[in-house]
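The values are calculated or read from the model by the stated rules, or taken from the named source; none is laboratory data. Bear in mind the structure is a predicted one, so any value in this text is a computation, not a measurement. Every residue, glycine as well, gets a Cβ built from its backbone with ideal geometry; the counts of neighbours run over all protein chains shown.
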Ligand SMILES: NC(=O)c1ccc[n+]([C@@H]2O[C@H](COP(=O)([O-])OP(=O)(O)OC[C@H]3O[C@@H](n4cnc5c(N)ncnc54)[C@H](O)[C@@H]3O)[C@@H](O)[C@H]2O)c1
């Protein structure tokens with residue numbers, strides 16, 4: 001993919017993250033090396049709104065995956081920032097055609113049986129790259145470094161240099177309104193609000209957490225993939241009346257010592273469920289693809 005030619009990009013999903021990515025490409029330094037070739041979204045008005053804000057509009061606009069093989073010919077890299085379903089619908093065919101891909105709906109790789117293995121197999125056999133940005137969480141770099149100790153033969157923990165990975169997510173109680181699991185457990189969010197004391201709603205594996213709290217799925221998936229996998233990665237979910245932002249704390253223990261990271265995420269303006277940092281992390285990944293110099297693991 002590298003060379004003097006611009007990398008041709010197709011973006012699937014023109015919501016909060018997709019719009020930031022396209023605006024970052026349009027009219028910035030990135031534009032000298034990236035060319036936006038297609039946009040896909042099943043809400044035509046979102047594509048229209050985004051196009052209005054772009055100086056250079058892509059030639060190809062699609063509302064679904066019909067004629068996908070043809071439009072994939074026009075690109076080198078597909079950026080998925082749409083939904084879990086879009087990973088199978090767009091990323092798998094892109095890899096089959098030997099195109100590189102970036103996946104934001106990383107939770108799909110944890111939730112959809114066989115999908116991770118298929119993505120891994122296709123990228124290997126077709127010789128293409130799959131990029132998974134850190135998204136809304138931090139600490140993935142340190143976790144990856146620490147977990148790699150097992151590969152060097154130096155890990156003393158049965159193949160990994162990491163003993164434990166724990167993610168604690170804190171949100172204001174209203175952030176859990178409508179959650180089925182919370183209702184089933186008979187947890188009264190209003191009384192947590194009034195009592196002014198934080199309360200743990202869930203503790204368990206990342207695999208279980210994403211089933212009960214799908215809104216936490218991407219962060220849990222990124223950490224699982226970087227570290228110990230979905231069973232061994234532990235997740236705690238807390239309703240905290242004093243929390244203003246969505247807070248993710250990651251604690252990793254291992255041969256290297258202890259890592260503790262806390263991210264207080266500002267929600268994206270276009271979609272309050274999405275952290276602004278997630279879009280920024282996708283844009284940083286694009287810069288990383290282009291840059292000859294790699295900073296960070
Ligand atoms: N990796 C992370 O840490 C992280 C963080 C936040 C969000 N995400 C994920 O990234 C994705 C995008 O987030 P967002 O906030 O931009 O969402 P959004 O809802 O603002 O935008 C998604 C857009 O994709 C479109 N879309 C969805 N499925 C589609 C399909 N099958 N075909 C065509 N268009 C489709 C929707 O119409 C919408 O316009 C979501 O899956 C979200 O869960 C990941």
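Quick notes on this one:
- Being crowded, with 20+ Cβ neighbours inside 10 Å and more than 28 Å from residue 87 (Cβ to Cβ) is a description that does not apply to residue 206.
- Residue within region 259-268 that is on the phi > 0 side of the Ramachandran plot, at pLDDT 95 or above and over 20 Å from the mean Cα position of the chain (by Cα) present: no
- When residues of region 207-229 are limited to those that are in a helix (DSSP H, G or I) and more than 15 Å from the chain's Cα centre (by Cα), the one nearest to residue 160 (Cα to Cα): 229
Residue by residue, here is whether (1) part of a helix (DSSP H, G or I); (2) within 14 Å of the ligand (Cβ to nearest atom); (3) surrounded by 21 or more Cβ atoms within 10 Å (Cβ to Cβ) holds:
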| residue | (1), (2), (3) |
| --- | --- |
| 8 | no, no, no |
| 14 | no, yes, yes |
| 17 | yes, yes, yes |
| 21 | yes, yes, yes |
| 31 | yes, no, no |
| 39 | no, yes, yes |
| 45 | yes, yes, no |
| 48 | yes, yes, no |
| 51 | yes, yes, no |
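- Checked against the criterion of being at pLDDT 95 or above and either outside the structural domain of residue 255 (by TED's automatic domain parsing) or away from the ligand (no atom under 16 Å from the Cβ) (or both), the candidates 201, 223 yield just one match: 201.
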